[in-house]
1. Report, by residue number, each residue of the range 85-110 that is exposed (fewer than 11 other Cβ atoms within 10 Å of the Cβ) and not polar (S, T, N, Q).
2. Condition check: more than 21 Å from residue 23 (Cβ to Cβ) and in contact with an Asp or Glu (Cβ under 7 Å, 6 or more places away or on another chain). Does residue 85 satisfy that?
3. Hey, can you tell me all the residues within the range 45-99 that are hydrophobic (A, V, I, L, M, F, W, C), touching a helix residue (DSSP H, G or I) at 6+ places or on another chain (Cβ under 9 Å) and in a helix (DSSP H, G or I)?
4. Looking at (1) closer than 27 Å to residue 139 by Cβ; (2) surrounded by 14 or more Cβ atoms within 10 Å (Cβ to Cβ), which one does residue 21 not meet, given that it meets all the others?
5. Please tell me if residue 82 is closer than 21 Å to residue 113 by Cα and surrounded by 16 or more Cβ atoms within 10 Å (Cβ to Cβ).
6. Within the range 122-133, is even one residue of a type outside the set (S, T, N, Q), touching a residue at least 12 places away in the same chain (Cβ under 8 Å) and either out of contact with any helix residue (DSSP H, G or I) (no Cβ under 9 Å at 6 or more places or on another chain) or buried (at least 16 other Cβ atoms within 10 Å of the Cβ) (or both)?
7. Which of (1) farther than 15 Å from residue 41 by Cα; (2) exposed (fewer than 14 other Cβ atoms within 10 Å of the Cβ); (3) of a type in the set (D, E, K, R); (4) modelled with pLDDT under 95 does residue 66 not meet, given it meets every other one?
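The values are calculated or read from the model by the stated rules, or taken from the named source; none is laboratory data. These numbers were taken from a predicted model, which means no experiment stands behind them. Note that we place each Cβ from the backbone using ideal geometry, even for glycine, and neighbour counts take in every protein chain shown.
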Amino acid sequence: MKPDPEHKLSDNVCFAVYSANNAIIRAYRPLLEQYDLTFPQYLVMQALWCKDAISLTQLSQQTGLDLGSLTPIVKRLEVKELLIRTKDQHDERKKVIQLTEFGLGIRTEALELKQTLLEKVSLCEDELVQLRDQCLKVVKELDIK
């Protein structure tokens, strides 16, 4: 099969989504530096700001990060004193991930970073909601477990 000279890489949905993901992470990077956070660490913090004191498994489900990727992120956030891991009161074999006062204290300011980035994008609120919903639909339908 010969290459199609009319076909470009940017014609692929997967390339567009991948490129958008990279652009978002690059745009967040300088904003997150003031909090000494990477983008995956920021996602974990956002999940905990939504629901605190959850198990590592619940945090994995919330963020979509597998346990092998999530564990070192949680450990780094613990070293930064943004969260702590404690034993579950009902099952000592399990750990509960909980925000520290410092971790709670940066919530409002750190969440405002989203607005800073949204101001750089020319999509209206309805378009952003539609884009988010479509992305989540693709994730749900392609999620292979």
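1. Listed by number, the residues that qualify are 90, 91, 92, 93, 101, 109.
2. Values: more than 21 Å from residue 23 (Cβ to Cβ): yes; in contact with an Asp or Glu (Cβ under 7 Å, 6 or more places away or on another chain): yes.
Yes; evaluated as a whole, the condition is true for this residue.
3. Matches in the range 45-99: 45, 47, 48, 49, 50, 56, 59, 67, 70, 73, 74, 77.
4. It fails just one condition, (2).
5. Numbers: closer than 21 Å to residue 113 by Cα: yes; surrounded by 16 or more Cβ atoms within 10 Å (Cβ to Cβ): yes.
Spelling it out, residue 82 is indeed closer than 21 Å to residue 113 by Cα and surrounded by 16 or more Cβ atoms within 10 Å (Cβ to Cβ).
6. Step one: filter the range 122-133 for residues of a type outside the set (S, T, N, Q), giving 123-129, 131-133.
Still in the list and also touching a residue at least 12 places away in the same chain (Cβ under 8 Å): none.
No, the conditions are met nowhere in the range 122-133.
7. With (1) farther than 15 Å from residue 41 by Cα; (2) exposed (fewer than 14 other Cβ atoms within 10 Å of the Cβ); (3) of a type in the set (D, E, K, R); (4) modelled with pLDDT under 95 applied to residue 66, the lone miss is (1).
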